[in-house]
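Here is the structure we will look at, set down as structure tokens.
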Amino acid sequence: MTPARMPPDRAAADRVTAGPPPAADARPKRRLHVITWGCQMNVYDSTRMQDVLAPLGYAPVARPEDADMVILNTCHIRENASEKVFSELGRLRPIKQARPDVIFAVAGCVAQAEGREIVARAPFVDIVMGPQTYHRLPEMVARAARAAGAVIETEFPAESKFDHLPDSAAPAISAFLTIQEGCDKFCSFCVVPYTRGAEASRPMPAVLAEARQLVAGGAREIVLLGQNVNAWHGDDGHGHARGLGRLIRELASIPGLLRIRYTTSHPRDMDDDLIAAHRDVPALVPFLHLPVQSGSDRVLAAMNRGHTADHYRRLVERLRGARPDLALSTDIIAGHPGETEADHRATLALILDIGFAQAFSFKYSPRPGTPAAVAPAPVAEVEKDRRLAEIQALLRQQQGDFNRACTGKVVRVLFTGTGRHPGQVAGRSPWLQPVHMTGPASLIGTEAAVRIVEGHPNSLAAEPLPQPEELACA
Ligand code: SF4
């Protein structure tokens with residue numbers, strides 16, 4: 001999972017709406033501004049919060065200064081995550097001072113972890129809600145308007161929020177769909193099991209219904225989300241627990257759905273049927289995000305990852321056996337407590353063996369309440385920086401090589417929007433590479449074969465293929 005702050009306008013821009021604008025109605029016009037940090041699941045949750053609030057008349061605005069309600073959807077993955085939230089609240093406080101009726105809400109994993117502490121340090125916050133309770137937003141807004149104090153909802157409710165969420169108002173062409181939440185792995189460095197709770201899988205009928213609704217609304221690609229998405233085991237509606245491989249096969253039968261992706265996976269949950277789905281299901285794209293974190297068995301054990309480096313290598317061999325053009329991305333942590341130079345070299349050796357098309361790499365940062373935060377033999381910051389730089393140089397090299405090797409190839413691209421330059425359209429290759437090309441806006445929302453003319457470090461440039469009639473004339 002890649003921590004970052006998603007500026008709303010860019011997040012919104014990625015959500016090129018495919019459906020018609022909502023009909024004008026008599027609802028009081030209220031303006032909503034959502035700030036999203038963190039992983040795709042937070043992006044999905046922010047979109048769903050907008051859907052939950054739309055019936056109250058809330059419509060997204062680009063600036064917090066113009067909003068009647070501001071939601072900070074937070075991430076707890078990296079160091080000082082909480083402090084970042086408090087400094088942002090400090091930056092936004094003048095809005096509340098100027099307009100006391102503006103509602104401020106803090107959501108996501110920092111809200112889940114900090115709860116009342118948020119109101120203690122920022123008394124102007126009206127609502128604090130965890131990732132499992134935002135379906136109750138309409139009621140929380142009503143209570144916040146009446147209540148003398150802040151509304152705090154950070155327990156793990158008995159009911160599933162998914163059973164109370166409205167249809168997605170304007171699905172993106174590449175739409176996120178959360179199917180699994182929480183985690184039972186308890187990696188030594190991670191707060192997710194404490195902020196998102198135990199692993200829970202949505203039932204297959206509910207997932208398929210939401211997928212059909214997204215495709216009917218214009219989605220052409222669905223990205224299945226979960227902290228441990230390949231641990232998904234949902235009831236098929238007839239009392240049988242099915243795995244992710246089976247769900248993907250069911251999704252692939254939805255007319256109009258061109259592509260299926262899933263993220264984030266754990267190596268221990270890649271079962272035979274899921275590997276076979278990579279062989280059998282053409283709509284399942286040949287790209288997999290499979291975090292490994294370290295190449296050292298000693299560090300993997302200290303991280304409580306539950307597998308060895310060779311297990312990971314063999315798993316990748318089996319995946320590439322099933323789908324030879326499969327490309328991989330991963331997560332790597334440099335400088336976990338106890339990591340030695342030899343462990344670091346083992347990580348570099350694994351990266352060389354696998355060859356990653358993309359990757360996210362970080363230096364270890366202690367998270368309060370996690371075992372690693374109190375583990376012996378912390379690695380010095382300067383050493384962490386040196387190791388991270390070496391890892392990132394190698395990963396950059398691999399990504400560049402992978403992109404350059406695409407030059408001259410004919411690749412199918414799903415176009416999701418306009419490019420940075422006039423007359424340009426942009427989309428994603430099957431390997432999730434950003435692709436830009438001069439072409440008509442009518443391509444947006446379609447998948448088309450194009451020729452890659454150049455592989456850049458972080459993207460591909462393409463040109464349209466000559467049309468049959470052009471070939472006939474050639
Ligand atoms: S698998 Fe590990 S890193 Fe991933 S969410 Fe679970 S505890 Fe965190």
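A few comments on the model shown:
- Selection within the range 290-312 - outside any loop (DSSP other than H, G, I, E, B) and open to solvent by less than 50 Å² (accessible area, probe 1.4 Å): Gln293, Val299, Leu300, Ala309, Tyr312
- Residue in the range 177-184 that is assigned to a loop (DSSP other than H, G, I, E, B), crowded, with 18+ Cβ neighbours inside 10 Å, among the β-branched types (Val, Ile, Thr) and modelled with pLDDT of 95 or more present: yes
- Taken as a whole, the structure places Pro267 among residues that are within 16 Å of the ligand (Cβ to nearest atom) and crowded, with 16+ Cβ neighbours inside 10 Å.
- Looking only at the range 31-83, and only at residues there that are of a type in the set (Phe, Trp, Tyr) and assigned to a strand (DSSP E or B), the one that is most open to solvent (accessible area, probe 1.4 Å): Trp37
- Scanning the range 316-330 for residues that are open to solvent by 10 Å² or more (accessible area, probe 1.4 Å), within 20 Å of Ile77 (Cα to Cα) and assigned to a helix (DSSP H, G or I) turns up nothing.
- When the range 118-137 is filtered for residues that are more than 24 Å from the chain's Cα centre (by Cα) and either surrounded by 14 or more Cβ atoms within 10 Å (Cβ to Cβ) or not in a helix (DSSP H, G or I) (or both), the ones remaining, listed by number, are Ile118, Val119, Arg121, Ala122, Pro123, Phe124, Val125, Asp126, Ile127.
- The conditions of being over 23 Å from Lys161 (Cα atoms) and either open to solvent by 20 Å² or more (accessible area, probe 1.4 Å) or aliphatic (A, V, I, L, M) (or both) are met by Val102.
- Residue that is more than 16 Å from the ligand (Cβ to nearest atom), touching a Ser or Thr at 6+ places or on another chain (Cβ under 7 Å) and among the charged types (D, E, K, R), where the choices are Asp310, Asp280, Asp297: Asp297
- Scanning the range 450-474 for residues that are over 23 Å from Gln398 (Cβ atoms), at pLDDT 95 or above, open to solvent by 40 Å² or more (accessible area, probe 1.4 Å) and among the hydrophobic types (A, V, I, L, M, F, W, C) returns no hits.
- Condition check for Ala206: in a strand (DSSP E or B), of a type in the set (Gly, Ala, Ser) and either within 15 Å of the ligand (Cβ to nearest atom) or over 18 Å from Asp331 (Cβ atoms) (or both): no
- Each residue in the range 185-203 was checked for being in a loop (DSSP other than H, G, I, E, B) and within 16 Å of the ligand (Cβ to nearest atom), and 11 of them qualify.
The values are calculated or read from the model by the stated rules, or taken from the named source; none is laboratory data. From a predicted model like this one, the values you see are computed outputs, not experimental measurements. Positions of Cβ are generated from backbone atoms using ideal geometry, with glycine treated the same way; all protein chains shown enter the neighbour counts. Each accessible area value is taken on the protein alone, full model and side chains, heavy atoms only, with ligands, DNA and RNA left out. Shrake-Rupley method; radii C 1.70, N 1.55, O 1.52, S 1.80 Å.
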